[in-house]
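First the structure, in the form of structure tokens, and then the observations on it.
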Amino acid sequence: QRVALVGTSGCGKSTIIQLLERFYDVTSGQLLLDGVDIRQLNIHWVRSRLGLVSQEPVMFDLTIAENIAYGLENVLIEDIINAASRANIHQFIHQLPQGYETKVGLKGTFLSGGEKQRIAIARVLIRQPKVLLLDEATSAMDSHNEHLIQETLEQAQAEDSSRTSLIIAHRLSTVRLCDSICVLDKGHIVESGTHTELIKRRGAYYKILAQNNFQ
């Protein structure tokens, strides 16, 4: 299932993803995964099942290949190239003098925002996570690359029907095709449904669209 989280800035969208990754824990109540309190699960096991791409992806002062395969052992270069191709970054890498052995610099200094996001998406695709967490994952891309990445992510979803995608985005084109859209306000879900259902309700989601908070 593909679930979108929408709402104005500061409503709690990114906080939900940070709680799932256990960057910090809830101070009251529970966060349940398949009915089990997430704090009772091994944190490394939980994170191994999640694939996160954020607005500002973490890049290490390593080669492009090492960044894509980071945290994995004995990864074949063919698998790295396949993931990069699916993330529409292979052609860019291939034309670099050192190709996949190019160092990206501290925090990816030598890469643009869109290039970093596509490398981060390749890093996620090579892991085949059970849950995709996409926090403004295509915000730094032009419309052409964003469209290609959306198709890739839809294909990744189709390849594993049990995979869940949790998507935060400000672009209507990204969220309108999701199976469910949850509208947040001050940390609470105030409305949920498909794009068509929420438009018909003329509630919080409709107001967000009317205020041009979506692009």
Looking only at lysines whose Cα falls under 19 Å of residue 186's and that sit 8 or more positions away or on another chain, we get 13, 207
Honestly the range 24-101 on the Cα gyration tensor test (a ≥ b ≥ c root eigenvalues; a/c under 1.5 rounded, otherwise a/b vs b/c for prolate or oblate) is just prolate
The distance between the Cα centres of the range 62-123 and the range 1-57, in whole Å, is 26
Among the Cα-Cα pairs of the range 2-210, the proportion with separation greater than 33 Å, in percent, is 17
Helix 113-127: inclination vs the chain longest Cα principal axis, degrees, rounded to 10, gives 90
Site residue 186, offset 7 angstrom along Cα→Cβ, radius 20 Å on amide nitrogen, limited to the range 1-32, gives 6-16, 27-29
In the range 2-210, taking the dipole from +1 charges on Lys and Arg beta carbons and -1 charges on Asp and Glu beta carbons about the Cα centre, the listed residue (59, 119, 40) farthest towards the positive end is 40
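Taking the Cα centre of the range 2-210 as origin, sum charge times position over the Cβ atoms of Lys and Arg (+1) and Asp and Glu (-1), and report the length of that vector in debye to the nearest 20. Numbers along the way, then the final one.
Values: 22 positive and 24 negative charges, 127 e Å.
Dipole of the range 2-210, to the nearest 20 debye: 600 debye.
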At R0 = 30 Å the Cβ-Cβ FRET efficiency linking residue 199 and residue 92, nearest 0.05, sits at 0.20
Computed from every Cα-Cα pair in the range 123-215, P(r) in 5 Å bins starting at 0 and rounded to whole percents is 3, 12, 22, 24, 18, 14, 7, 1, 0
Taking the chain and counting helices only, DSSP H stretches of n ≥ 4 at -39,500 (n - 2.57) each over all residues, the nearest-500 ellipticity at 222 nm comes to -10500 deg cm²/dmol
Expected vector for the range 200-211, Karplus 3J(HN,Hα) from phi with 6.51, -1.76, 1.60 and θ = phi - 60°, integer Hz, x for Gly and Pro, equals 5, 6, 6, x, 4, 5, 4, 5, 4, 5, 5, 7
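Just so you know, all these numbers are worked out from the coordinates, no wet-lab data involved. Keep in mind the model is a prediction, meaning the values are calculated, not measured. Please note: Cβ atoms are built from the backbone with ideal geometry, for glycine as well, and neighbour counts cover all protein chains shown.
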